[in-house]
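In what follows, a structure is listed as structure tokens, so that the remarks can point back to it.
Laboratory data are not the source of any read-out in this text; all were calculated from the coordinates shown. These figures come from a predicted structure and were not determined experimentally. Cβ placement follows ideal geometry from the backbone for every residue including glycine, while neighbour counts extend to all protein chains displayed.
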Amino acid sequence: MADSVLVVPGSTRAGSHNATLGAAIVERLVARGVSAQFVDLRGFPLPLFDPDLEAANGVPAAARELHDLLAEHSGLVIVTPEYNGSISTLLKNTIDWISRVDRSVLQRPVVALASASPSSNGGATGRASLRAMCDHMGVELLDRELGLARSHEVIVDGVIDDEQALAEIDGFVAAIVDALG
Ligand SMILES: Cc1cc2nc3c(=O)[nH]c(=O)nc-3n(C[C@H](O)[C@H](O)[C@H](O)COP(=O)(O)O)c2cc1C
């Protein structure tokens with residue numbers, strides 16, 4: 001498998017800070033010669049997980065497509081919003097459906113977590129919740145995480161406009177490239 005990284009923001013909101021951060025990560029991976037793909041979850045519409053729905057209709061095609069896409073990539077970066085101290089409903093729902101195909105597909109060789117949040121902790125609580133979920137699923141995570149704090153100030157007109165934040169993104173991307181070997 002050639003080194004390639006899937007970057008999945010857990011928000012499809014227009015102007016999403018996490019999507020902006022995900023795009024910046026993709027841009028920097030590509031600049032370092034690593035193939036990277038941004039995943040817009042609007043392209044993978046999934047109903048709210050419901051075991052009765054699954055029993056009646058099976059696993060939706062979009063969950064299988066995401067599973068297969070993950071299997072083609074050696075790296076995965078999940079960029080999660082923080083909602084009430086946890087991850088977005090969209091991200092949880094997506095992971096739950098993928099796990100109904102085969103959750104071991106999330107065990108990519110390199111998996112890293114990032115988040116953007118208007119709060120001063122940059123979504124650290126949401127990432128901690130995602131780390132616990134990954135641990136439960138046997139997904140080994142890179143120690144290095146990235147939190148973009150005060151995202152409403154740092155992102156100006158859809159662009160990350162803050163030297164310190166950009167340096168942190170560069171460091172995070174460098175750690176991913178190192179881990180890919
Ligand atoms: C219901 C709700 C709960 C939220 N809870 C938190 C929270 O616990 N911590 C936090 O930092 N931000 C919280 N936020 C703010 C979101 O992180 C913020 O809207 C963020 O920009 C959403 O991500 P996005 O820009 O990628 O769509 C919350 C927002 C909503 C609507």
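Work out the charge dipole of the chain with +1 on the Cβ of Lys and Arg and -1 on the Cβ of Asp and Glu about the Cα centre, then indicate which of Ala112, Leu48, Ala19 is farthest towards its positive end.
Positive-most Cα among the choices belongs to Leu48.
Under the definition of Cα pairs under 8 Å and six or more residues apart, what whole-number percent is the relative contact order of the range 4-180?
So the answer I get is 24 percent.
With charges set only on the Cβ (+1 for Lys and Arg, -1 for Asp and Glu), what does the dipole of the range 34-134 come to about its Cα centre, in debye to the nearest 20?
The calculation lands at about 340 debye.
According to a simple spin-label model (label point 7 Å from Cα along Cα-to-Cβ), what is the distance in nm between Asp68 and Thr12?
So the label points at Thr12 and Asp68 sit 1.9 nm apart.
Taking every DSSP beta bridge with both residues inside the range 28-181, roughly what % is antiparallel (nearest 5)?
Given both bridge residues lie in the range 28-181, the antiparallel proportion sits at roughly 25 percent.
If each residue of separation counts as 0.36 nm, what is the full-extension length gain between Ala61 and Ser104 once their alpha-carbon separation is subtracted?
13.7 nm
Pick out, from Ile95, His73, Ala36, the residue whose Cα sits farthest towards the positive end of the charge dipole of the range 4-180, with +1 on the Cβ of Lys and Arg and -1 on the Cβ of Asp and Glu.
Ile95
In debye to the nearest 20, how big a dipole does the chain give about its Cα centre with +1 on each Lys and Arg Cβ and -1 on each Asp and Glu Cβ?
Rounded to the nearest 20 debye, it is 220 debye.
Can you give the extra length, in nm with one decimal, that the chain gains between Ala174 and Ser120 once fully stretched, where that is 0.36 nm per residue apart less the Cα-Cα distance?
The span from Ala174 to Ser120 would gain 17.1 nm if fully extended.
Could you work out how much longer the chain between Asp40 and Asp52 gets when fully extended? Use 0.36 nm per residue separation minus the Cα distance between them, nm to one decimal.
Answer, rounded to one decimal: 1.6 nm.
What share of all Cα pairs of the range 4-180, in percent, falls into each consecutive 5 Å distance bin?
So the P(r) values, bin by bin, are 1, 9, 18, 22, 22, 15, 8, 3, 1, 0, 0.
Add -39500 (n - 2.57) for each DSSP H run of 4 or more in the chain, then divide by its residues: what number comes out at 222 nm, to the nearest 500 deg cm²/dmol?
Helices in the chain give a 222 nm mean residue ellipticity of -14000 deg cm²/dmol.
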